[in-house]
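Heads up: the structure comes next, in structure tokens.
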Amino acid sequence: MSFYDAHCHLQDERIASRVEEVVRLYGNLGVRASVVNGTCEEDWGKIARLGKSHDCLRPSFGLHPWKAPAAGALWKERLIELWDSNPNSGVGEIGLDRWIEGYDLSIQEPVFLWQLEQAVERDAAVSIHCLRAWGRLLELLESQPVPKRGFLLHSYGGSEEMLAPLAKLGAYFSVSGYFALERKERQRSVLRKIPLDRLLIETDAPDMLGPKEFSLYRFSGDEGLNHPANIVGVYSFVAELLGMPLEELKGQVEDNFIRFFG
Ligand SMILES: [Zn+2]
């Protein structure tokens with residue numbers, strides 16, 4: 001049984017030069033696939049190259065809500081070209097964010113909706129980011145078509161009440177190590193209720209560093225970054241959270257990952 005990272009950013013300039021080292025470590029640890037998400041135009045070419053040079057890295061191209069206001073005039077054309085020329089690539093990271101200072105939903109929403117439409121047309125695996133906009137996100141997902149295969153809510157931080165309506169629409173929920181931090185108890189009680197057949201696991205590396213006990217891998221010289229190999233620690237955290245043997249969890253998440261990402 002292998003490990004799978006449903007959402008990370010290996011193209012991030014803080015760790016891009018360490019990708020070879022990460023992929024070698026993936027091989028030693030049994031990490032079989034890792035979904036690399038773009039957030040802005042500068043990322044996309046790098047992600048396409050990573051996908052071509054490493055079988056275990058799955059490219060996903062998208063415009064993040066934080067980056068939506070600065071998008072160039074041809075961002076849609078470039079995305080279409082990338083999705084077309086990278087078969088089985090995902091759509092992401094896309095979403096809504098009312099947490100970031102100066103957010104403007106009138107810019108974010110059309111950017112999100114156009115990318116969601118593209119995911120529907122291609123039945124692509126879409127990775128959705130949401131901060132403090134859960135009500136609006138649910139409204140949009142309930143009123144728009146969603147991809148047949150479902151959609152991923154990455155690092156799920158919504159409420160327990162929203163799990164059922166989102167799952168009904170086809171949601172998968174991925175858990176990051178960040179929620180292992182002591183102050184995140186409220187969130188952990190929500191994560192325990194995720195339907196098991198919709199559970200995925202992610203690092204969001206190099207961000208979302210969890211507590212030390214579950215984040216044993218560090219980059220020398222950059223100790224504050226979340227190392228992608230910490231996916232192994234996030235699995236341990238989730239196994240503990242759910243009171244489930246690690247091997248059983250790995251089997252369940254493998255089934256879910258393959259069903260969703262293909
Ligand atoms: Zn992310």
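The values are calculated or read from the model by the stated rules, or taken from the named source; none is laboratory data. These figures come from a predicted structure and were not determined experimentally. Positions of Cβ are generated from backbone atoms using ideal geometry, with glycine treated the same way; all protein chains shown enter the neighbour counts.
Residues that are of a type in the set (Phe, Trp, Tyr) and within 22 Å of SER159 (Cα to Cα) were ranked within the range 90-135; the one that is surrounded by the fewest Cβ atoms within 10 Å (Cβ to Cβ) is TRP99. Does GLU161 satisfy being modelled with pLDDT of 95 or more, over 22 Å from VAL126 (Cβ atoms) and of a type in the set (Asp, Glu)? The answer is yes for GLU161. Of all residues being more than 17 Å from the chain's Cα centre (by Cα) and polar (S, T, N, Q) in the range 165-205, which is surrounded by the most Cβ atoms within 10 Å (Cβ to Cβ)? Just the residue, please. That would be GLN187.
What residue, of SER89, SER127, is within 11 Å of GLY62 (Cα to Cα) and touching an Asp or Glu at 6+ places or on another chain (Cβ under 7 Å)?
Matching residue, one of SER89, SER127: SER127.
The criterion of at least 1 residues that are at pLDDT below 95 and crowded, with 21+ Cβ neighbours inside 10 Å is met by none of the strands (runs of 3 or more DSSP E) falling completely within the range 1-89.
No other residue among ALA125, ALA119 is of a type in the set (Gly, Ala, Ser), modelled with pLDDT of 95 or more and more than 17 Å from ASP5 (Cβ to Cβ) apart from ALA119. Could you list, in sequence order, all residues of the range 42-66 that are in contact with a helix residue (DSSP H, G or I) (Cβ under 8 Å, 6 or more places away or on another chain), more than 19 Å from LEU152 (Cα to Cα) and within 16 Å of the ligand (Cβ to nearest atom)? Answer for the range 42-66, where residues must be in contact with a helix residue (DSSP H, G or I) (Cβ under 8 Å, 6 or more places away or on another chain), more than 19 Å from LEU152 (Cα to Cα) and within 16 Å of the ligand (Cβ to nearest atom): TRP44, LYS46, LEU50.
Within the range 84-133, the set of residues being acidic (Asp, Glu) and within 16 Å of the ligand (Cβ to nearest atom) comprises GLU93, ASP97.
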